[in-house]
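The values are calculated or read from the model by the stated rules, or taken from the named source; none is laboratory data. Everything numeric here is computed off the predicted structure, so don't read it as measured data. Cβ placement follows ideal geometry from the backbone for every residue including glycine, while neighbour counts extend to all protein chains displayed. For the accessible areas, the whole protein counts, side chains as well, though only heavy atoms, and no ligand, DNA or RNA atoms are used. Shrake-Rupley method; radii C 1.70, N 1.55, O 1.52, S 1.80 Å.
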Amino acid sequence: MISTASSLYTPRLDAVGRWLSPLALRALLAWEFFESGREKLGGQNWFADLEGRFPFPFSTLPASLNWQLATWLELVGAVMLLLGLATRSVAYVFWVLTIVAIAAVHWPDQWNGLDELWRGYAITDQGYGNFKLPLLFLAMLLPLILNGGGSLSLDRLLASPQHAAADDDGLGWGSSLIALLLPVAALLPGVGFGGALLGAALLLAHVLRRRRSA
């Protein structure tokens, strides 16, 4: 009985999920980033107070330029995300932007061990950082980066009707690990660079496999 109900409803719920689940993530994230950009647009530049805390390459840019970049990326990107236009690219830009914000504002100045670091998983800073909210944003951005904007998006409307099925191979995993984890090196160098190296190894293995089979 349970198996029959599952086989009956699961495909239908999957179909509904492709419409509604990404839309819910896009709408909520679009609101949050738009609010942040709007506050910057009418506010005073406080990035100058964070000198030395921005990760490379943003540390090489003037505070005024970083402020303008963050403001307009948030404003324009939020509208694009809400519409589901270039969803993967916009979500990835917000992924990097959020990691930069964690490093500059929400990350503790120093920590000893993961137990102490995890105390920063909080909304208010009690001396251990406060990266709970941006970490939740990263978790919400991840499915949009990997799965796209869903059926109710401009991306789907503009896409060609036929898509070739992609292989679950080193090309996808390797490029994803590099793109997602290299920015994380600004927070956790071992995790970020280690994951990126693993991604590079998977890409290399994929290339070598393709050459042998050619």
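Taken as Cα centroids, region 86-102 and region 188-214 sit 23 Å apart, rounded to the nearest whole angstrom. If R0 is 35 Å, what FRET efficiency do you get for Leu133 and Asp169 from their C-beta distance, rounded to 0.05? Given R0 = 35 Å and the Cβ-Cβ separation, E is 0.50.
Given a cut-off of under 8 Å on Cα pairs at least six residues apart, what relative contact order in percent is computed for the chain?
Normalised by residue count, the contact order of the chain is 20 percent.
Near Arg38, once Lys and Arg are set to +1 and Asp and Glu to -1 for all other residues with Cβ below 14 Å from its Cβ, the sum equals -3. HN-Hα J couplings of region 63-76 from phi, Karplus 6.51/-1.76/1.60, θ = phi - 60°, integer Hz, Gly and Pro as x? Per-residue couplings from phi come out as 4, 5, 6, 4, 5, 5, 4, 4, 4, 7, 5, 5, 5, 5 Hz.
With the simple spin-label model, which puts each label point 7 Å out from Cα in the Cβ direction, the Phe193 to Leu146 separation comes to 2.6 nm. The gain in end-to-end length when the Glu116 to Arg212 segment is fully stretched comes to 29.7 nm, 0.36 nm per residue minus the alpha carbon separation. Across region 119-204, Cα pairs under 8 Å and at least six residues apart give a relative contact order of 18 percent. Which FRET efficiency, nearest 0.05, do Asp49 and Ile123 yield, Cβ-Cβ r, R0 30 Å? Efficiency at R0 = 30 Å is approximately 0.90.
Enter the angle in degrees (range 0 to 90, nearest 10) between the Cα long axis of helix 87-101 and the first principal axis of the Cα atoms of the chain, meaning the one along which they spread out most. The angle comes out near 30 degrees. Along region 113-120 the Karplus relation, 6.51 cos²θ - 1.76 cosθ + 1.60 evaluated at θ = phi - 60°, assigns HN-Hα couplings of x, 5, 4, 5, 4, 5, 5, x Hz to successive residues, with x for each Gly and Pro. Using heavy atoms of the protein chains and a probe of 1.4 Å, the accessible area assigned to Phe33 is about 10 Å².
If packing is taken as the mean number of other Cβ atoms within 10 Å per residue, what is the order of 107-117, 145-155, highest first? Walk me through the numbers before you get to the answer.
On the way: 107-117: 11.9, 145-155: 18.5.
Peptide ranking by packing, descending: 145-155, 107-117.
Residue ranking by accessible heavy-atom surface, 1.4 Å probe, largest first, among Val100, Val16 comes out as Val16, Val100. Ranking of Arg88, Arg26 by solvent-accessible surface, largest first: Arg88, Arg26 (1.4 Å probe, protein heavy atoms only, all chains present). With one equal scatterer per alpha carbon and no solvent term, the Debye-computed log10 I(q)/I(0) for region 24-95 at 0.20, 0.22, 0.28 1/Å reads -0.83, -0.94, -1.17.
Computing Rg and Dmax of the Cα atoms in Å directly from the structure and comparing it against (i) 16.1, 47; (ii) 19.9, 64; (iii) 25.3, 82 singles out (ii). Taking K and R as +1 and D and E as -1, what net charge do the other residues with C-beta under 15 Å from the C-beta of Met80 add up to? Here the charged neighbours net out to 0. Taking θ as phi - 60° and the Karplus parameters 6.51, -1.76 and 1.60, the scalar couplings of region 30-43 work out to 4, 4, 4, 6, 5, 4, 5, x, 5, 5, 5, 4, x, x Hz in sequence order, x denoting glycine and proline.
The ratio of the alpha-carbon radius of gyration of region 102-214 to the globular-protein estimate 2.2 N^0.38 Å is 1.40. Each Lys or Arg adds one and each Asp or Glu subtracts one; over the other residues with Cβ under 9 Å from the Cβ of Gly149, this totals +2.
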